[in-house]
């Protein structure tokens, strides 16, 4: 789920306000935006790029490596199924508030076709100085400088803060992987950790998690086998626990999901867990020296 | 959104699962009337929490007078912070066996998961932990739907004679889950009566908040979360606000950054007064957001932490500054601003408020915590 400079990118919802704004920024940054989809404006040009009726139509004219969705919540399932049917292998879903059963449906379809979904509810992907898809401020040089730290974050705002802290401390970012804040997402913390572990441009990893779910616990299992240093920050230590109804949640989740449980699992695996995001750069610097 | 028992049972009945035909009542008189029509009955507090029976919120009655007496005790009772303002009067059922059934969103398999146990009742978590084989866990392909043959075969291992009837209930339970965009629908207990028929004696239903606008009919029967006046005001404006006990007011964008700001306040010796998030599509709502945060009299200092990706910090900062100059609060305000639009935002804070935003979040948090303590002394 690292975005490369050669990959062609299709924008679902390119003609909307946000689609337009961010498509221009992605293209200016160097991302290979090849056009977009809007069924009502098929055949027109927008931002001097072609507009198709569907991703499947676009795929007849162009090779599409990745697609990014600026699509409202109830339209996401259909748009995603179109992208998957077009044979696109990398799908970035930015939309917040997608009904979870819709998400589960198109994630299952993506698995059948071997497509990788990032999100929903992600801020996107950045490979510093090369390409970005989504709405991260990749072009802001106080937030993104080229370097060798890989960053994984469920949250866009918190991920931005972490990148900024790394740059303030004189470090830089190889790739940013926004995995998304929804309870069910296509690329998990563990998936992202594996990808950055295998990425030759990444020497160390900053991992930003949140309370709830069991993704940090699953990532910890993988981290135990890693040689690259990992520093983590888990948001939510001071947040009141969410209300849970019924017994089924407890049966399925057991004691996973709490701040204490995640911290213990990560530390057990050799990950340094920081009390605030500002502490992450110092920890990584020290661990890289060792 | 969570649904109390009677609203959940209505969703089960819509899918064809039998439940007792009960009556909802809000006064002892109405409970007595219901008991007169029903006969031997059970009076059940309708609150969004478990352990109602242990708290005395579920009582059997044989006469209308007895029913009214129980209702007088139950109505107005508080169970796990929830005040009881209505009860369900259900006919009593002859219970031969209690079982357990649920369908929920499973993050692990990223699809629906069906749970069934021939042993139901209150201790299902312990049963599941201590006797994992007593619990059927069946992941379902949301594309292909429930594989009824595989389900029937699995259920036969637990209860050969009743497998057909149980499978039928579970198929309908999955339909109810799909039709209502549920995160969870749970029947505990699923009762086999002495005549052999099955009936859902209780129901817990949670519907995905993201789907509520396409579940209009259902949404009306759900129970809104208990909120304070300020939380209700924020909700009406589609702002995510949670009132807390501390003294440092928080205004940030994005759920992750807002939670982190609260964590950092606590880490540096303060306590957050609230969660208030104006990220994403809400980034233009800084003015009403600030008004709500400041309306909490416990707030002794305000910490503004913006880190803009999608949300533009200049738009958010302008809103905060306008509201601040309009409301003229007598408390200190501390800023830390980064990301999209930061140069304009920082310049505006300097020029119009004469305040220098902190470059590091930790420094801003320390300053806000100290300011809140100073104001309190």
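The values are calculated or read from the model by the stated rules, or taken from the named source; none is laboratory data. This one's a predicted model, so the numbers in the text were calculated from it and none came from an experiment. Virtual Cβ from ideal backbone geometry, glycine too; neighbours counted across all protein chains shown.
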Could you list all residues from segment B:158-181 that are touching a residue at least 24 places away in the same chain (Cβ under 8 Å) and in a loop (DSSP other than H, G, I, E, B)?
B:158, B:159, B:162, B:180, B:181
Identify all residues within segment B:329-358 that are at positive phi and without any contact (Cβ under 8 Å) to a residue 12 or more places away in the chain; write none if there are none.
B:354
Filter pass, residue A:131 being crowded, with 24+ Cβ neighbours inside 10 Å and away from chain B (no Cβ under 13 Å):
yes
Any hit, segment A:97-112, residues being facing chain B (nearest Cβ under 7 Å), within 26 Å of residue A:27 (Cβ to Cβ) and touching a strand residue (DSSP E or B) at 6+ places or on another chain (Cβ under 6 Å):
no
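Could you list, in sequence order, all residues of segment B:261-270 that are within 24 Å of the chain's Cα centre (by Cα) and touching a residue at least 24 places away in the same chain (Cβ under 8 Å)? It would help to see each step written out before you state the result.
First, pick out the residues of segment B:261-270 that are within 24 Å of the chain's Cα centre (by Cα): B:261-263.
B:261, the sole residue that qualifies.
Can you name the residue in segment A:134-153 that is within 11 Å of another protein chain (Cβ to nearest Cβ) and touching a residue at least 60 places away in the same chain (Cβ under 8 Å) and is also nearest to residue B:309 (Cα to Cα) among such residues? Walk me through it before giving the result.
Within segment A:134-153, the first condition is being within 11 Å of another protein chain (Cβ to nearest Cβ), and the residues that meet it are A:134-140, A:142-144, A:153.
Next, from what is left, pick out any that are touching a residue at least 60 places away in the same chain (Cβ under 8 Å): A:134-135, A:138-139.
Values: A:134: 10, A:135: 6, A:138: 9, A:139: 11 Å.
Filtering first and then ranking leaves A:135.
Quick grid of which residues meet (1) over 25 Å from residue A:185 (Cα atoms); (2) at pLDDT below 95; (3) over 19 Å from the mean Cα position of the chain (by Cα):
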residue	(1), (2), (3)
A:11	no, no, no
A:23	no, no, no
A:37	no, no, yes
A:51	yes, no, yes
A:77	no, no, no
A:91	no, no, no
A:96	no, yes, no
Residue in segment A:195-207 that is touching a helix residue (DSSP H, G or I) at 6+ places or on another chain (Cβ under 7 Å) and either over 16 Å from residue A:284 (Cα atoms) or within 9 Å of chain B (Cβ to nearest Cβ) (or both) present
no
Among (1) more than 20 Å from the chain's Cα centre (by Cα); (2) surrounded by fewer than 17 Cβ atoms within 10 Å (Cβ to Cβ); (3) away from chain B (no Cβ under 13 Å), the one test that residue A:228 misses
(2)
Just one of (1) outside any helix (DSSP H, G or I); (2) closer than 22 Å to residue A:192 by Cβ trips up residue A:87, so point out which.
(2)
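Could you list all residues from segment A:64-75 that are at the interface with chain B (Cβ under 10 Å from one of its Cβ atoms) and within 19 Å of the chain's Cα centre (by Cα)? I'd like the intermediate steps shown before the answer.
Taking segment A:64-75 first, the residues at the interface with chain B (Cβ under 10 Å from one of its Cβ atoms) are A:73-74.
Matches in segment A:64-75: A:73 only.
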Run residue B:365 past the list (1) within 27 Å of residue B:237 (Cα to Cα); (2) in contact with a helix residue (DSSP H, G or I) (Cβ under 8 Å, 6 or more places away or on another chain) and report the number of the one that doesn't hold.
(1)
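Rundown of residues vs (1) under 16 Å from residue B:302 (Cα atoms); (2) in contact with a helix residue (DSSP H, G or I) (Cβ under 6 Å, 6 or more places away or on another chain); (3) not assigned by TED's automatic domain parsing to the domain that holds residue B:335, yes/no style:
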position: B:235; (1), (2), (3): no, no, no
position: B:239; (1), (2), (3): no, yes, no
position: B:244; (1), (2), (3): yes, no, no
position: B:250; (1), (2), (3): yes, yes, no
position: B:255; (1), (2), (3): no, no, no
position: B:263; (1), (2), (3): yes, no, no
Residues that are surrounded by 15 or more Cβ atoms within 10 Å (Cβ to Cβ), more than 14 Å from chain A (Cβ to nearest Cβ) and at pLDDT 95 or above: find the strands (runs of 3 or more DSSP E) completely inside segment B:50-157 holding 2 or more of those.
B:58-61, B:87-91
Return a yes/no flag: does segment B:319-327 have any residue that is within 26 Å of residue A:282 (Cα to Cα), more than 9 Å from chain A (Cβ to nearest Cβ) and under 34 Å from the mean Cα position of the chain (by Cα).
no
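With the condition kept exactly as written, say whether any residue in segment A:102-114 is under 23 Å from residue A:235 (Cβ atoms), at pLDDT 95 or above and assigned to a helix (DSSP H, G or I). Outline the logic, then answer.
Of all residues in segment A:102-114, those under 23 Å from residue A:235 (Cβ atoms) come to A:103.
When the remaining residues are screened for being at pLDDT 95 or above, the result is A:103.
Now drop any that are not assigned to a helix (DSSP H, G or I), which leaves A:103.
Yes, segment A:102-114 has at least one match.
Would you point out the residue of segment B:271-286, among those that are away from chain A (no Cβ under 11 Å) and surrounded by fewer than 24 Cβ atoms within 10 Å (Cβ to Cβ), that is farthest from residue B:309 (Cα to Cα)?
Step one: list which residues in segment B:271-286 are away from chain A (no Cβ under 11 Å), which gives B:273-274, B:276, B:284-286.
Checking the rest, the ones that are also surrounded by fewer than 24 Cβ atoms within 10 Å (Cβ to Cβ) come to B:284-285.
On the way: B:284: 14, B:285: 16 Å.
It comes out as B:285.
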Please go through segment B:247-270 and pick out each residue that is at the interface with chain A (Cβ under 7 Å from one of its Cβ atoms) and under 19 Å from residue A:123 (Cα atoms).
B:253, B:254, B:255, B:256, B:257, B:259, B:260
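Being within 13 Å of chain A (Cβ to nearest Cβ), in contact (Cβ under 8 Å) with a residue 60 or more places away in the chain and not in a helix (DSSP H, G or I) is the requirement here; does residue B:187 meet it? Walk me through how you get there before you give the answer.
Working: within 13 Å of chain A (Cβ to nearest Cβ): yes; in contact (Cβ under 8 Å) with a residue 60 or more places away in the chain: yes; not in a helix (DSSP H, G or I): yes.
In short, yes.
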Tell me yes or no: at least one residue of segment B:344-361 is part of a loop (DSSP other than H, G, I, E, B) and under 35 Å from the mean Cα position of the chain (by Cα).
yes
Being more than 15 Å from residue A:9 (Cβ to Cβ) and not assigned by TED's automatic domain parsing to the domain that holds residue A:79 is true for just one of A:124, A:129, A:114. Which residue is that?
A:129
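Does segment B:287-310 include one or more residues that are within 12 Å of another protein chain (Cβ to nearest Cβ) and surrounded by fewer than 24 Cβ atoms within 10 Å (Cβ to Cβ)?
Going residue by residue through segment B:287-310, those that are within 12 Å of another protein chain (Cβ to nearest Cβ) are B:305-310.
Then drop every residue that is not surrounded by fewer than 24 Cβ atoms within 10 Å (Cβ to Cβ), which leaves none.
Taking every residue of segment B:287-310 in turn, none turns out to be within 12 Å of another protein chain (Cβ to nearest Cβ) and surrounded by fewer than 24 Cβ atoms within 10 Å (Cβ to Cβ).
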